[in-house]
């Protein structure tokens, strides 16, 4: 098999490299492994959720092997090394995950692009590194991540914890940025898929057909890099790169129709046998009770299981309903969030409805980043339950914004009473920007990054994202610069002329002619 | 005195009543003509909350006033929330009394001056002379105009911190002729510490020291040294409170570099919204020099009329400062009656007054159309604010020109053809 990916080197060098890499990969094959999986879940009876997970583990001996990459993508390895990154999380999402209808996703992500990074302890000039990193990532994924500048970057104190092992988890080493307006397109998918050892040729990734992915209700790609321990004592570590795709397809077109579907009908392709490089490759399906799946699959608990290494030829998995499904019943989510913009004129505000359906109090971390041009006023913050009583945040941190600088960053720990709906509102004034700082299509408005709720869970955390909010701010007249300069200077000239007259001339009587 | 008492009582009652109308006060305090980023009460409250969080009232870009004022109001509010509006009302009352006393003293001096030079005055100028009835009516009128000017009332009920600046300046002018250069410069230093631009008024204190003091106490350098002393004291106190110079000077940086382009009735905001980045620094200098430089030629020209100089400098500051609001204009508007005996020399007083009134009404209308109704754009508000500035320019130059013309006439006579010829003659400005 070949482990070569395009390097841009001359042909003869490629051949030479092939020999070298083959040898190296043979000798280090124990040190890295690739796992792929596909989980399919039917949501109610209207949508189907497919979650692709590709994990590359690399157990390097002493230090990151700077030259020889086998399964681990070189482009990510180089970025991680150059910018001294301990942990990297990147997601791009099109659409909004409906927590109330679909339950929790396997990987939560906000609308648009989100990047958060832990730098290694002792990294110097973190802000410069962060700028360089977002530019490098921008180039790698053909996305406008270079627009993540100091105006959208924050270092939250408690919302983010490292998912793996890091030397220091101080929030000065953390940078988080989001672009809610960023769309997920084919041009982002292609470089993302190129990072996979088998591209989109084998295994679950064979289903990742860009045109069918774009015909979905929700699509999210993610890339997560971190270091993990081998054992509890953490005597040695290895690095892990996880790549996710979450996609939700509509399966039901009309109510009186059986919502039968197959992988070929939603992805336009059958499922291919596993990637030859994969150590494990399998599919889990969580079907509703009255659905038949062909071909017959092994049952493991409530799930159907298929090992793709045992497949010999492309297979199409079909889902057939035995009887017409009833109208969908929404899943009751433990915690829900719904945010919207309030206010008229210059006054504005963000209101978030946080729902707790659990039978016990839940402690959550609420994070809201607001750009500087919306002047958030922390003294207007209110948190009320549906019974009208105020909730005092257990902990609150508010970093005010600077004009043309860092954004407002509100982070607080709240205890949501059981079976309650909590209304959180924060007022802001719409600010005014100079005409050159407005983006193209200024009247479209600006997106505020979605609010993020972090709920501590037994294994890591669960995140619930709100909506990306669109806010209009007053715009100047873009056709006016010369007129304004002329008019204001005229008034200045009137003042100067009058005062010049006053101070340099004196009265004299002259005959009237 | 009874009149003054009635005026003050009515002013206090009116303010107390208006402060009860929460919707009105809330609406008014959000007007960009009333509350600027530098003076807004809601920003000050935000600063209180932020200083509880971060320990520094200036962290972030919420509050841009001075350290000491925020500390004073913070402690005041901690004592009792009712004290704050009470202090704002007290500010207006004290300012009105100060202006009343100032007007009385100034007109008395002018009258004395006029009477002592009676022999030098031209014949037949009785009709334009300053009279005793001016002395009786004008001071009450000044207090009346100050307390019942809508600009002052909205400033008071919106709790815009410009009320304090007005109080300091009113106390400063009240002490100008009393002789105490220590008190004069203290209030000037407080005002300078607060808003920077009044620094140029020190020249008035120096000229007054020279003109109105007794023989032997006419050293014009004395107020200058006192002023510097008070400023240093104020900076020292705020340094001891804040622990760093950076946060003390951050609000001067905010005044001088004008980073906030929130609309107001001045000339800075739209210009710097629309200017090309390349020219920004250059025009920043042009605009700030415009606000700060005129005191040089004017103090040479008006060196024998320091109060007139004070009047026009106050006008210039309130018109050309980086974040002006209507509250800034109240001080000089209330001083207009001081020149009532020269009003007949005003040019187009009707047009200019109507211009000021119209733009005052148009500004909120245009704002509503632009920001709330979205049926107009920024240019509408800009036009109204530009006309407001222009009316200021006309009023201040007309008033001073009228005063100078009047001065010329009482010295040279009302009949213009001085050589006795029958030919008609006019007064012209000549080089």
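Just so you know, all these numbers are worked out from the coordinates, no wet-lab data involved. These numbers were taken from a predicted model, which means no experiment stands behind them. FYI the Cβ positions are ideal-geometry reconstructions off the backbone, even for glycines, and counts take in every protein chain you see.
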Worksheet item: Expressed as cubic angstrom per residue, what is the convex hull volume of the alpha carbon set of the range B:2-412?
Response: 151 Å³
Item to complete: On a 0 to 90° scale, report how tilted helix A:11-27 is relative to the longest principal axis of chain A, with both axes built from alpha carbons and the result rounded to the nearest 10.
Response: 60 degrees
Practice prompt. Just need the relative contact order of chain B here, percent rounded to a whole number, with Cα pairs under 8 Å and 6+ apart.
Written response: 19 percent
Worksheet entry | For the range B:278-316 versus the range B:91-162, the gap between their alpha-carbon centres in whole angstrom | 24 Å
Worksheet item: How do the peptides B:205-217, A:436-448 rank, highest first, by the average count of neighbouring beta carbon atoms within 10 Å per residue?
Response: B:205-217, A:436-448
Practice prompt. Take the alpha carbon gyration tensor of the range B:226-373, find the square roots of its eigenvalues, order them as a ≥ b ≥ c, and report rounded if a/c is under 1.5; if not, report prolate when a/b exceeds b/c, else oblate.
Written response: oblate
Worksheet entry | Ranked packing of A:174-182, B:275-283, most packed first, by mean Cβ within 10 Å | A:174-182, B:275-283
Discussion item. How many angstrom lie between the Cα centre of the range B:1-47 and the Cα centre of the range A:189-227?
Written reply: 62 Å
Discussion item. I want to verify the translational diffusion coefficient of the range A:202-241 in µm²/s; compute it with Stokes-Einstein, Rh as the Kirkwood radius over Cα pairs, at 4 °C and 1.567 mPa s.
Written reply: 98 µm²/s
Fill in: Orientation-averaged projected area, Cα convex hull of chain A (nm²)
37.8 nm²
Discussion item. In 5 Å bins starting at zero, report the fraction of Cα pairs in the range B:25-113 per bin as a rounded %.
Written reply: 3, 12, 16, 18, 17, 11, 7, 7, 5, 3, 1, 0
Worksheet, complete the sentence: Helix A:126-141: inclination vs chain A longest Cα principal axis, degrees, rounded to 10, gives 60 degrees
Practice prompt. Give me the orientation-averaged projected area of the Cα convex hull of the range A:335-471, in nm², one decimal.
Written response: 9.0 nm²
Item to complete: Compute the normalised compactness of the range A:30-321: alpha-carbon radius of gyration over 2.2 N^0.38 Å, N being the residue count.
Response: 1.04
Worksheet entry | Crossing angle, helix B:181-195 versus chain B [Cα axis fit, 0-90 degrees, rounded to tens] | 50 degrees
Worksheet, complete the sentence: Within 10 Å of the Cβ of an average residue in A:480-486, the count of other chain Cβ atoms is 5
Worksheet item: From Cα coordinates alone, what are the radius of gyration and Dmax values for the range B:163-256 in angstrom?
Response: 14.0, 44
Item to complete: Any chance you could list P(r) for the range A:281-397, counting all Cα-Cα pairs in 5 angstrom bins from zero, rounded to whole %?
Response: 2, 7, 13, 13, 10, 9, 8, 8, 9, 9, 8, 4, 1
Worksheet entry | Peptide B:377-386, shielding by other chains (average Cβ, 10 Å cutoff) | 4
Item to complete: Could you tell me which of rounded, prolate or oblate describes the protein assembly as shown, using a ≥ b ≥ c as the square roots of the eigenvalues of the alpha-carbon gyration tensor, with rounded for a/c under 1.5 and, failing that, prolate when a/b is larger than b/c and oblate otherwise?
Response: prolate
Worksheet, complete the sentence: Rounded to a whole number, the mean other protein chain Cβ count within 10 angstrom for residues of A:429-439 is 5
Worksheet, complete the sentence: Quick note, the range B:83-158: a/c under 1.5 would make it rounded; otherwise a/b > b/c is prolate and the rest oblate (a ≥ b ≥ c, C-alpha gyration tensor); here it is prolate
